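Asks: Attaching a single structure in structure tokens format; questions to follow.
Only the coordinates and a few stated rules stand behind these numbers; no lab work does. Predicted model only: the values in this text are computed from it and were never measured. We place every Cβ from the backbone using ideal geometry, glycine too, and count neighbours over all the protein chains shown.
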Amino acid sequence: MSPEAVTPAEAAAAHARPLDQLLRGPELAEAARIMTICNACRYCEGLCAVFPAMEMRRDFAAGDLRHLANLCHACGACYHDCQYAPPHEFGVNVPKTLEALRPRAYADHAWPRALAPMFDRNGPKIIALTAISVAVFLFAFMAFADPGVMFGVVEGPGAFYAIMPHNVMAGLFGAAFLWAILAFLMGFRNYWRDVEGGLGPRLGRGPDLAALAAGGHDAGRLKNLHGGGMGCFNEDDQPTDSRRLLHHLTFYGFLACLASTTCATAMHYFLGWEAPYSWGSAPVLLGFFGGSAMTVGAVGLARARMKREGALTDPAGGMHAAFTHSLAAVGATGIALLLLRSTPAMGTLLALHLGVVFAFFVAAPYGKFVHGLYRYLALVRHAQETRTHH
Amino acid sequence: MSMDLFGRDWDVLVAGGGNAALCAAITARRAGARVLVVEAAPKFYRGGNTRHTRNMRVAHDHPNEVLTGPYPEDEFWEDLLRVTGGNTDEQLARFTLAQSKELWDYMSSLGVRFQPSLTGSLSLGRTNAFFLGGGKSLMNALYRTAEAEGVAVVYDAEVTAVEIEGAAFRAAEVTHDGQARRVPARAFVAAAGGFEANIEWLEEYWGPAARNFRIRGTPYNRGSLLRTLLDAGAQQVGEPDQCHAVAIDARAPQFDGGIATRLDCIVFGMVVNREAERFYDEGEDFWPKRYAIWGRLVAAQPEQEAYAIIDSRSIELFMPSIFPAIEAGSIEEMAGKLDLPPDRLRATWEAFNAAVRPGDFDPATLDGCRTEGLTPEKTNWARTIEQPPFHAYPLRPGITFTYLGVKVDREARVQRASGGAYDNIYAAGEIMAGNVLGKGYLAGIGMTIGSVFGRLAGQGASSHVA
Ligand SMILES: Cc1cc2nc3c(=O)[nH]c(=O)nc-3n(C[C@H](O)[C@H](O)[C@H](O)COP(=O)(O)OP(=O)(O)OC[C@H]3O[C@@H](n4cnc5c(N)ncnc54)[C@H](O)[C@@H]3O)c2cc1C
Ligand code: SF4
Ligand code: SF4
């Protein structure tokens, strides 16, 4: 054990823990109960990163449990493999317990704190926000754009900007994007401090490069959504790899869409080329394939979720559907815009797409979008803890 | 649905639903037999004690991605000879160990996956193959393979009687949904485990003390089939009063507490009984070499209970346990919490502390830190218990399995007490493990015996296909 590691005597002195490390609420209490059983058993050690991370702790403070919750990829393997799962009296259900804890953990790390309640009944809030955003774009376009442009056929460079001036668009979306980035970074900081204040290995510094790379490697391959090589479980006790595949489609599709936008921005500012771009251009190709992959992946994940074995999911799970549907909406409206950009529907579709995208970024730090970021950070932290611990 | 199943024409009927049963069933099925498995437990509890296992011991000449070094047959044999003190059938045992070399490939072909050894048991990394996700994961894989290949399985179905004509099995009585059904088959595989969960049966040898035992594994291993076969004239192996018993946390449930109720703290403290007296050398040897004698030691104490007491310096030295330690700031407070006579506990504790000789404490070696002048002495890792808070864990005997079984030959055929083998009755797993392991224990050998004989039983049983 590393010299900085907290001794169990310190751990036992629960009253000495900082307020935010106390096991408050049923989600944390249950997670601590389950992890204590798992730590005495350890049979699932080879399945994913959660168990090795757990073993670096003897006792669990809130920060440790929030870390473990974020590390869990919900593959379900440890539920089917557990001799103590319900109806056994120990009632061990790791995926469900950690899933129930995750929204609480996101809320606890959210910045600014005042927006943490966004994670309560998250689904309806995200839907409402998206609807409002779309409505505002539509209304603004109708109020400010020339009706001939909004509902007519406009083609050629700058067609979109005839409806919404480029500077306004760039300013608005740049601001939404920067807001999201700022909120993420602050969330990261809260997360890191929280885990640092727990009872696991103390790192005494932020993430280092090697750990960032190792975390990226594991996240990029979804190494932990794999039951240690068995596959991941969804509707029954047959392991498959379908959710992993769908997630890859969604995630890499999303990255391609981001790349498309980045590319377009660069072309606009550095080359002076204005959107819409031709079919063979990088932004369109990236956007088309990325958007399609993301839509197919997100719809697939949403359906998989509906079929998911009830025992594996926390019933209060509206957050997931809101997220997969937003992703699918971003992708689908983008593709529709691309396909119908030379028709009178272009103006309406542009409002729809921009409205959905705007809401997506503004809400990103306060919905399931953060799962990827915290999970990545958890993997980074895990890589660094593993190195320090040994 | 399961009712119709009983009426069909079966080549092989397998009684039991653990590792041995499924190895036999799949092997017979692969050889072309129509196979029915009847498992006494409901679906969740299928797989008996196999659910609680984590590794199997296999002989091998070369290391692989998981096994860290060679483990030749001869070394395996010497280990077995040592733990059994010769209480084994040498021919059968050597044959088993030779067969164990094939188990890695065999189990992999059944869908089982392995992983490097666990942190808590690195010392077994060379000799034992660990199941990815543990024994329940292994059982799930076996059931998936069995069902995909057409083995029929009925849960909540217990073999309650067998019909034998001379040396030939004709049919079994299977009780399912409260109804007894006659299920004829051309061959029968008995793979229904030991009788460790049958408290009344244990009481025959242990007296009322057995009621205070904790049974570490499934409540469904009640030995009903073992008794049926012995009564029908099968030859017995092993002694009925022999069982593998370890000391586990007394707060464990009566059945099925499994591995998580294990306690590894005994070597680091002092252990007293309800009279607050010590009764055995806590530091006699490394814990993995001694844990299996502590079940019997605790079973011999009043009310079959004991208490391991350590101080705050030792709490990081052993694997975390499932139940929290009982904490106290003073030895009197501890006596109060454990409901022990305070004066006696203080006297035992003071005598223990006074007897500890100076030394270099080192949990990784037999450090010779000892007491002098006590009965019994503590001969290693003896440190004073002085830094509060004191921690205590209550102990009870935890029964892992029993050794009584039926005699088999190297084809897994059950032997008759009157001589010779039955034509078509085979046995595998715990129900015959006593043939190889008459006494003592070698980590992982239970699964080895189950797989080797399960496979043999499946091969033998499939030879009776119509
Ligand atoms: C906590 C614990 C940990 C262990 N760890 C290991 C380990 O790591 N490695 C190792 O090698 N061994 C280990 N063992 C021992 C190991 O469990 C056994 O050696 C092995 O599982 C025996 O397999 P089996 O198939 O014979 O019996 P089981 O797996 O116990 O299966 C017997 C089955 O028969 C069924 N049954 C009982 N009666 C009837 C009946 N009349 N009709 C129909 N079905 C019936 C039961 O429901 C049960 O499913 C452990 C045991 C315990 C308790
Ligand atoms: S999930 Fe179950 S089998 Fe896995 S480590 Fe936890 S208690 Fe053990
Ligand atoms: S990632 Fe899978 S195996 Fe790991 S804790 Fe989550 S559900 Fe269990």
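Asks: Can you give the average number of partner chain beta-carbon atoms within 10 Å of each beta-carbon in peptide B:251-262, as a whole number?
Replies: Details: counts 0, 0, 3, 0, 1, 5, 4, 7, 6, 12, 4, 2.
Average neighbour count from other chains, rounded to a whole number: 4.
Asks: Continuing with this model, one more query. What span do the alpha-carbon atoms of segment A:89-246 cover on each of the three principal axes, reported in whole Å from largest to smallest?
Replies: 67, 42, 34
Asks: P(r) tail for segment A:114-388, what percent of Cα pairs lie past 34 Å?
Replies: Values: 9680 of 37675 pairs.
Of all Cα-Cα pairs in segment A:114-388, 26 percent lie more than 34 Å apart.
Asks: Compute the Cα gyration tensor for segment B:121-221, then decide on rounded, prolate or oblate, letting a ≥ b ≥ c be the square roots of its eigenvalues: rounded whenever a/c is under 1.5, prolate when a/b is larger than b/c in the other cases, and oblate in all that remain. List each step's numbers first, then the result.
Replies: Numbers: a/c = 2.06, a/b = 1.14, b/c = 1.80.
Oblate is the answer for segment B:121-221, as a/c is 1.5 or above yet b/c matches or exceeds a/b.
Asks: Using only the alpha-carbon atoms, how far is helix B:287-299 inclined from the longest principal axis of chain B? Give it as 0 to 90 degrees, nearest 10.
Replies: 90 degrees
Asks: Right, another one. With a sphere of radius 15 Å drawn around the Cβ of A:Gly300, what net charge do the other residues whose Cβ falls strictly inside it have (Lys, Arg +1; Asp, Glu -1)? Don't skip to the answer; put the middle values down first.
Replies: Numbers: positive: A:Arg243, A:Arg244, A:Arg303, A:Arg305, A:Lys307, A:Arg308; negative: A:Glu235, A:Asp241.
Its environment carries a net charge of +4.
Asks: Any of B:Lys43/B:Lys289; A:Lys96/A:Lys125; A:Lys223/A:Lys307; A:Lys368/B:Lys43; A:Lys307/A:Lys368 with alpha carbons more than 26 Å apart? Name them for me.
Replies: Working: B:Lys43/B:Lys289 35 Å; A:Lys96/A:Lys125 23 Å; A:Lys223/A:Lys307 23 Å; A:Lys368/B:Lys43 35 Å; A:Lys307/A:Lys368 19 Å.
Beyond 26 Å between Cα atoms: B:Lys43/B:Lys289; A:Lys368/B:Lys43.
Asks: Moving to a separate point now. If the elastic network links every pair of Cα atoms under 10 Å, which of A:Cys82, A:Cys257, A:Cys41 fluctuates the most in the Gaussian network model of chain A?
Replies: A:Cys41
Asks: When a/c reaches 1.5 or more, the comparison of a/b and b/c decides; with that in mind, is the protein assembly as shown rounded, prolate or oblate per its Cα gyration tensor? Walk me through the numbers before you get to the answer.
Replies: On the way: a/c = 2.70, a/b = 1.57, b/c = 1.72.
Oblate is the answer for the protein assembly as shown, as a/c is 1.5 or above yet b/c matches or exceeds a/b.
Asks: Counting only other chains, what is the mean number of Cβ atoms within 10 angstrom of the Cβ of each residue in peptide A:72-82?
Replies: Counting other chains' Cβ atoms within 10 Å and averaging over A:72-82 gives 3.
Asks: So how far, in whole Å, is the C-alpha centre of segment A:299-369 from the one of segment B:59-83?
Replies: Here the answer is 56 Å between Cα centres.
Asks: Tell me the net charge near A:Ile127. Cut-off is 14 Å between Cβ atoms, A:Ile127 excluded, with +1 for each Lys or Arg and -1 for each Asp or Glu. Present the calculation step by step, with values, prior to reporting the outcome.
Replies: Numbers: positive: A:Arg121, A:Lys125, A:Lys368; negative: none.
Net local charge, A:Ile127 excluded: +3.
Asks: Also, I was wondering about something else. For chain B, restrict the atom set to alpha-carbon positions and state the Rg and Dmax in Å.
Replies: Over chain B's Cα set, Rg and Dmax evaluate to 23.5, 76 Å.
Asks: On full extension of the chain, what length is gained from B:Glu203 through B:Arg8, given 0.36 nm per residue of separation minus the C-alpha to C-alpha distance? The partial results should precede the final answer.
Replies: On the way: separation 195, 0.36 × 195 = 70.20 nm, distance 3.97 nm.
Value of the extension gain: 66.2 nm.
Asks: Provide B:Lys101, B:Lys136 in ascending order of the number of other Cβ atoms located within 10 Å of each residue's Cβ, fewest first. List each step's numbers first, then the result.
Replies: Details: B:Lys101 17, B:Lys136 26.
Least crowded to most crowded, the residues run B:Lys101, B:Lys136.
Asks: Between 0 and 90 degrees, rounded to the nearest ten: what's the tilt of helix B:73-84 against the longest Cα principal axis of chain B?
Replies: Roughly 60 degrees between the two axes.
Asks: If you line up the Cα atoms of segment A:235-390 on their principal axes, what length do they span on each, largest first, in Å?
Replies: Answer, in whole Å and largest first: 53, 39, 28 Å.
Asks: Another question about this same structure. Considering the dipole of the protein assembly as shown built from charges on the beta carbon (Lys and Arg +1, Asp and Glu -1) around the Cα centre, which of A:Ala264, B:Thr175, B:Gly336 is farthest to its positive end?
Replies: Positive-most Cα among the choices belongs to A:Ala264.
Asks: Also: So what J values fall out for segment A:41-58 if you push phi through Karplus, 6.51 cos²θ - 1.76 cosθ + 1.60 with θ = phi - 60°, rounded to Hz, Gly and Pro as x?
Replies: The phi angles translate into 9, 6, 5, 8, 2, x, 7, 6, 6, 4, 6, x, 5, 4, 5, 7, 10, 9 Hz.
Asks: Something else: From zero outward in steps of 10 Å, how is the percent of C-alpha pairs of segment B:1-142 spread across the bins?
Replies: Whole-percent P(r) values from 0 Å outward: 11, 33, 35, 16, 5, 0.
Asks: Using a simple spin-label model with points 7 Å from Cα along the Cα→Cβ vector, what separation in nm is obtained for B:Glu411 and A:Asp208?
Replies: Here the answer is 6.5 nm between the modelled labels.
Asks: What order do you get for A:His80, A:His389, B:His464 when you list them from fewest to most C-beta neighbours inside 10 Å? Before the final figure, lay out the partial values.
Replies: Numbers: A:His80 23, A:His389 16, B:His464 19.
Ranked by crowding around the Cβ, least crowded first: A:His389, B:His464, A:His80.
Asks: Round to a whole angstrom and tell me the spacing of the C-alpha centers of segment A:73-116 and segment B:390-466.
Replies: Going from one Cα centre to the other spans 40 Å.
Asks: Okay, next question. So how far apart, in nm, are the two label points at B:Arg170 and B:Lys439 if each is 7 Å from Cα heading toward Cβ?
Replies: 4.2 nm
Asks: Along each of the three principal axes of the Cα atoms of segment B:9-89, give the extent in whole Å, ordering the values from largest to smallest.
Replies: 45, 28, 26
Asks: Could you state the number of Å between the C-alpha centres of segment B:242-309 and segment A:157-209?
Replies: Cα centroid of segment A:157-209 versus Cα centroid of segment B:242-309: 55 Å apart.
Asks: Kindly provide the Kirkwood hydrodynamic radius of segment A:49-170 in Å, to one decimal, from all pairs of distinct alpha carbon atoms. If you can, show how the numbers build up before the last one.
Replies: On the way: mean 1/r = 0.0525 Å⁻¹.
Result for segment A:49-170, one decimal place: 19.0 Å.
Asks: Follow-up question, since we're still on this one. Rounded to the nearest 0.05, what FRET efficiency is calculated for A:Val168 and B:Ser109 with R0 set to 51 Å and r the Cβ-Cβ distance? Mind showing how you got there, number by number?
Replies: Values: r = 66 Å, r/R0 = 1.28.
Between A:Val168 and B:Ser109 the formula returns 0.20.
Asks: Count charges around B:Tyr403 for me, please; just the other residues with Cβ under 11 Å from its Cβ, Lys/Arg as +1, Asp/Glu as -1.
Replies: Details: positive: B:Lys439; negative: B:Glu196, B:Glu239, B:Asp241, B:Glu430.
Result for the local shell: -3.
Asks: If you don't mind, there's one more thing I want to ask. How high is the FRET efficiency from A:Thr386 to A:Thr265, r the C-beta distance, R0 35 Å, rounded to 0.05? Could the numbers behind the result be given before it?
Replies: Values: r = 38 Å, r/R0 = 1.10.
Efficiency, from the Cβ-Cβ distance: 0.35.
Asks: So, one more: Using the Karplus curve 6.51 cos²θ - 1.76 cosθ + 1.60 with θ = phi - 60°, work out ³J(HN,Hα) for each residue of segment A:251-259 in order, rounded to whole Hz, and write x for Gly and Pro.
Replies: Couplings: 5, 6, x, 4, 4, 5, 5, 4, 5 Hz.
Asks: Can you work out ³J(HN,Hα) from phi for every residue in segment B:142-153, in order, using Karplus 6.51 cos²θ - 1.76 cosθ + 1.60 and θ = phi - 60°, giving whole Hz and x for Gly and Pro?
Replies: Calculated HN-Hα couplings, in order: 5, 5, 4, 5, 4, 5, 5, 9, x, 7, 8, 10 Hz.
Asks: In addition: Which shape class, rounded, prolate or oblate, goes with segment B:75-152 when its Cα gyration tensor gives a ≥ b ≥ c as root eigenvalues, a/c under 1.5 marks rounded, and past that a/b bigger than b/c marks prolate? The partial results should precede the final answer.
Replies: Details: a/c = 2.68, a/b = 1.48, b/c = 1.81.
It is oblate, given that a/c is not under 1.5 and a/b is not larger than b/c.
Asks: Going Cα to Cα from B:Lys439, which aspartates and glutamates come in below 17 Å? Please leave out same-chain ones fewer than 8 positions away.
Replies: Straight-line reach from B:Lys439, under 17 Å: B:Glu78, B:Asp79, B:Asp89, B:Glu90, B:Glu196, B:Glu239, B:Asp241, B:Glu430.
Asks: Once all Cα-Cα distances of segment A:3-113 are split into 5 Å bins that start at 0, what whole-number percent is in each one?
Replies: Here the calculated profile for segment A:3-113 is 2, 12, 22, 25, 19, 12, 6, 1, 0.
Asks: Then there's this: How many nm separate the modelled label positions at A:Ala316 and B:Leu317, each set 7 Å beyond the Cα in the direction of the Cβ?
Replies: A separation of 4.4 nm, rounded to one decimal place.
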